[in-house]
Amino acid sequence: MNEACIITTAITGSQTRKSMNPAVPITQEEQIESTCEAYEAGSSLVHLHVRNDDETSSSDPEKFARVQEGIRQHCPDMIIQFSTGGRGRDPAARGKPLYLKPDMASLATGSVNFKSSIYENEPALIDELASRMLEYQIKPEIEVFDLAMLYSAVDLLKHGLLKAPLHVQFVLGIPNALPAKRHILEFLVGELEALLPDATWVAAGVGRHQFDVADWCAELGGNIRVGLEDGVRLDKDNLAQSNAAMVRKAAALLHARNRRPATPHESREMLGLAQTD
Ligand code: ZN
């Protein structure tokens, strides 16, 4: 097992609001500050959505550019991953900011029903986003909300729309999608290892499952994702004061399992990304 573990911070997302936790960073300035605090706490990868001033989701390339520029200025080796998903965004606009060449971008390889909506990713859109990532040399993070998305990713790889080795994220705990159960994660990881032995992986636990899933990732040898996108609480009784507080809690879970946060240099090596120095 790799002792070093990449801690991803999903700082904002598309759903959480300041009314749920005032620490959710919304403006580009808040996002830059929150990312750099998470970096100082041991996170080496930021997963980024941007928002309008009224907190709704945005695909505005200028907003992505501003945050990317601020992060590169203040913590230059932080790995930057743009979201191409997120509900409440025009599908045609989701890939627009990719010309800014972030290190990585998320790519959901299928659709799934949530409780009252469809997270819709039709094959033509997936192909288009994957092609643009190839064109701009952006490494995708494959978002698996349902088992079928793993097999779709293998198919995309076979057809040359993805390049090995893949980095895969399992999303657990969204109502009516994959539940946050440890044996489900173990099954998913086992299937990934059988299909794509060179892949790296991480899992996100949504809502109250966030740190349970993080601990399973620590124990099973994967990477960890935390942040105010996935949940606003540090534990049952307390709101998280910041994304950095969540990263510190993730780092403590790692130490308890004799692992540690990967440095940005190590994380870039593990993901096959170019170094900044
Ligand atoms: Zn996201």
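The values are calculated or read from the model by the stated rules, or taken from the named source; none is laboratory data. The model shown is predicted, which means the values in this text are computed figures rather than measured ones. All Cβ positions, glycine included, derive from the backbone under ideal geometry; neighbour counts span all protein chains shown. Note: areas computed on protein heavy atoms with side chains; ligands, DNA, RNA excluded. Shrake-Rupley method; radii C 1.70, N 1.55, O 1.52, S 1.80 Å.
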Next on the checklist: Compute, for the chain, the length of the dipole vector about the Cα centre, with Cβ point charges of +1 (Lys, Arg) and -1 (Asp, Glu) only. Units Debye, rounded to 20.
Outcome noted: 360
Item to check | Counting all C-alpha pairs of the range 124-277, share separated by more than 26 Å (%) | outcome: 29
Item to check | Environment charge at residue 112 (Cβ cut-off 15 Å; Lys +1, Arg +1, Asp -1, Glu -1) | outcome: -2
Checklist entry - Taking +1 at the Cβ of each Lys and Arg and -1 at the Cβ of each Asp and Glu, which of 129, 113, 28 sits farthest along the dipole of the range 3-271 towards its positive end, judged by Cα position relative to the Cα centre? => result 113
Next on the checklist: Taking loop as defined by DSSP and a crowding limit of 15 other beta carbons within 10 Å, which GluC sites (Glu not before Pro) in the range 104-145 fit?
Outcome noted: 120
Checklist outcome for this item: Placing each pseudo-label 7 Å from Cα in the direction of the beta carbon, residue 18 and residue 128 end up separated by a distance in nanometres of 3.4
Item to check | Label-point gap, in nm, between residue 252 and residue 69 - each point 7 angstrom along Cα→Cβ | outcome: 3.8
Checklist entry - Among the GluC sites (Glu not before Pro) within the range 8-58, which fall in a DSSP loop and have no more than 13 other Cβ atoms within 10 Å of their own Cβ? => result none
Next on the checklist: For a quick size check, give me the Cα extents of the chain along its three principal axes, largest first, whole Å.
Outcome noted: 45, 44, 41
Checklist outcome for this item: For residue 239, other-chain or 5+-apart residues with amide H closer than 5 Å (H placed, Pro excluded) are 234
Checklist outcome for this item: Of 59, 117, ordered by accessible area with the largest first and a 1.4 Å probe, the sequence is 117, 59
Next on the checklist: Keeping every protein chain present and rolling a 1.4 Å probe, give me the accessible area per residue for the chain in Å².
Outcome noted: 43
